[in-house]
Amino acid sequence: MSEGIIQADKPPRRTGDTPDLFSKFDDTIALRENLLASGVEDPFSLVMEQVLSPTRAICNGRDTILLGTYNYMGMTFDPDVVAAGQQALADFGSGTTGSRVLNGTYQGHKECEDALREFYDMDHAMVFSTGYQANLGIISTIAGKGDYVVLDIDSHASIWDGCAMGNAEIVPFKHNDIAAMEKRLKRIPEGAGKLVVLEGVYSMLGDIAPLKEMVRIAKENGAMVLVDEAHSMGFIGENGRGVVEDAGVIDDVDFIIGTFSKSVGTVGGFCVSNHPKFEIMRLVCRPYVFTASLPPSVVATAATSIRKLMTASAKREHLWKNSRRLHSGLTELGFTLGTDEPQSAIVAVIMPDLEKGAAMWSALLTEGLYVNLARPPATPANMTLLRCSLCAEHSDEEVETILGMFERAGKAVGII
Amino acid sequence: MDRAEVDTRIRTIIEPFNKKGIVITEDTTFAGDLEFDSLTVMDFVAAIEDDFDIIITMNQQAEIEKYGQLVDAVHSQVSN
Ligand SMILES: Cc1ncc(COP(=O)(O)O)c(C=O)c1O
């Protein structure tokens, strides 16, 4: 999400009621009311009453194909994963009721970190309660006063919030612009500590970063490099280690941040690293220390899923096939997509505006297809997007069905 | 570089961003008077950074509301 740039200050618009601290949200409230007045279903309060599989659910009473989850590798109903969770729930109880550094580290948390170290072939792994907290914690802790964080302007909210929580100088550069990054690195005062923060896959448009060049330039300029691989884990790279692996730079990055909430199929976040002093993070990183650890069932499902992802090359292949087919199919139908070729498991369809986007979203839902509606300020360049994220469990036939739904909805709404 | 020179250069850079042709004074505000949205701010800051070969960090940007403050901030970087 690109939330780096602060919106222009607008004087609070006061509506009838007594002005209070909520007056600042009046514009957002009005925007939402206008959208709903146009008769579309509320894109931001969908309820899934039943989840049938990684790719199917009953949403608002309708049997729906899911094309807007981050369940890339379809691990949520894997029998081994579910069994591991059930066993841990029975053996260790429903929760730890404590911080990782006090009473919240169980055998399962250790095993989960072991699985991560093996998965990435790295020396250290630290499990956080969410990926959001992993970014928040690592960035705000390692980049201190007088240090510089150089980051892509389209970085995820958790990266920006990590910057906001710390005391470092924050220097954004234009999305995926290698020269803009290099120029800024070279302008940083001599001797200052530098951290470059990048993402493997940018989740709004589904495009990948030119990590080969960027990591090399960052290193040449004496910076440490952190790469958030939230949307590539398990899928991109020979062993599913992410764009860093695919680009051949995994040995040059200092930190990889990831999440269990996407390909792993549960909840949680992590950082892996080969830095010799990395373990000290467990004592100094506040979003790690001052929150309860993940429940035993969650770390058990995560560890089992991570181990299965190591050898999931058949699934990876099928997911690539799905991504390529959806991308070419939508292009042939005349939709405008976020990337010219499929770069990840995310295919973003660019909508002309929010009204048309919401109408299209609603029409697809009526067809029985769920996609993500993304709007400013979460999107780059104020775009409205219908974000499709594929799953390794979508069958070939399902992808064809999805294309048929897009064709009918697109014609009904007048986008194609 | 003296302040007047910095001012002249920034006035040239700002022209394509000043869509409504507002008369710019030391007190002109970017968000209010010039109606710069977040994307415009990003491009405008990048243009200044590249022209003067400096960095204006987000931390510094947060302190800059008016045109005169921007000239001061750039001037202090290029004069030492
Ligand atoms: C790039 C990126 N980083 C971090 C996160 C946060 O992950 P989590 O859901 O585990 O908090 C997300 C997910 O929204 C993400 O897209």
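Read-outs throughout are calculated quantities, based only on the coordinates presented, and are distinct from any laboratory measurement. All of these numbers come straight from a predicted model, not from anything done at the bench. Cβ coordinates were reconstructed from backbone atoms using ideal geometry, including for glycine residues, and neighbour counts include every protein chain displayed.
Checking the a/c ratio against 1.5 first, then a/b against b/c, what shape does the Cα gyration tensor give for segment B:3-78? Rounded.
Structure remark: mean-square fluctuation, Gaussian network model of chain A, C-alpha springs under 10 Å; the largest value among A:LEU52, A:LEU373, A:LEU116 belongs to A:LEU52. On the basis of the beta-carbon distance and an R0 of 45 Å, B:ILE13 and A:ALA83 show a calculated FRET efficiency of 0.10. How would segment A:44-181 be classified by its alpha-carbon gyration tensor: rounded, prolate or oblate, with rounded meaning a/c under 1.5 and the a/b versus b/c comparison settling the rest? Because a/c hits 1.5 or more and a/b fails to exceed b/c, segment A:44-181 counts as oblate. Here the simple spin-label model places points 7 Å from the Cα toward Cβ, and for A:PHE290 and B:ILE22 these points are separated by 3.9 nm.
Residue by residue along A:182-191, Cβ atoms of other protein chains within 10 Å of the local Cβ number 2 on average. Across A:PRO342, A:PRO276, A:PRO172, mean-square fluctuation computed from a Gaussian network of chain A (C-alpha pairs under 10 Å connected) peaks at A:PRO276. An oblate overall shape is assigned to the protein assembly as shown, the ratio a/c of its alpha-carbon gyration tensor axes (a ≥ b ≥ c) being 1.5 or greater and a/b not exceeding b/c. Inter-chain neighbour count for A:145-156: the average number of beta-carbon atoms from partner chains within 10 Å of each residue's beta-carbon is 1.
In chain A, helices alone account for a calculated mean residue ellipticity at 222 nm of -12000 deg cm²/dmol, with every DSSP H run of four or more residues adding -39,500 (n - 2.57). Multiplying the residue separation of A:ALA164 and A:GLN50 by 0.36 nm and subtracting their alpha-carbon distance yields 37.2 nm. Among the listed pairs A:LYS315/A:LYS411; A:LYS262/A:LYS308; A:LYS145/A:LYS174, a Cα-Cα separation exceeding 26 Å is found for A:LYS315/A:LYS411. In segment A:125-148, which residues have a backbone nitrogen under 13 Å from the label point lying 7 Å from A:ASN221's Cα in the Cα-to-Cβ direction? Only A:148 fall inside the zone, counting backbone N under 13 Å. Cα axis of helix B:38-52 to longest principal axis of chain B: angle in degrees, 0 to 90, nearest 10? Rounded to the nearest ten degrees, it is 30. Think of each Lys and Arg Cβ as +1 and each Asp and Glu Cβ as -1; about the Cα centre, that makes the dipole of segment B:3-78 roughly 140 debye. Calculated FRET efficiency, A:GLU355 to A:LEU21, Cβ-Cβ distance, R0 = 41 Å: about 0.85 to the nearest 0.05. Residues in segment A:171-201, backbone N under 18 Å from the label point at A:GLU341 (7 Å along the Cα-to-beta-carbon vector): list them, ranges by number please. Those under the cut-off are A:201.
Arranged from fewest to most other beta-carbon atoms within 10 Å of their beta carbon, A:THR384, B:THR12 become B:THR12, A:THR384.
I'd like to verify something in chain A: which complete DSSP H helices, judged by Cα projection on the helix axis, reach 15 Å or more and average at least 0.5 on the Kyte-Doolittle scale? The qualifying helices are A:131-142, A:296-310. With a cut-off of 18 Å on the backbone N, no residue of segment A:179-203 is near the modelled label site 7 Å out from A:ASP123 along Cα-Cβ. For A:CYS391, A:CYS59, the sequence from fewest to most other C-beta atoms within 10 Å is A:CYS59, A:CYS391. Once divided by 2.2 N^0.38 Å, the Cα radius of gyration of segment A:79-309 becomes 0.99.
Averaged over the residues of peptide B:39-46, the number of Cβ atoms from other protein chains lying within 10 Å of each residue's Cβ is 4. When chain A is treated as a GNM with alpha-carbon contacts under 10 Å, the residue of A:ASN34, A:ASN167, A:ASN372 showing the greatest mean-square fluctuation is A:ASN34. With r as the distance between the Cβ atoms of A:SER94 and B:ASP37 and R0 = 51 Å, compute the FRET efficiency 1/(1 + (r/R0)^6) and round to 0.05. Working from the Cβ atoms, E equals 0.60. Counting neighbouring beta carbons within 10 Å and listing from fewest to most, the residues A:LYS262, A:LYS219, A:LYS194 come out as A:LYS219, A:LYS194, A:LYS262.
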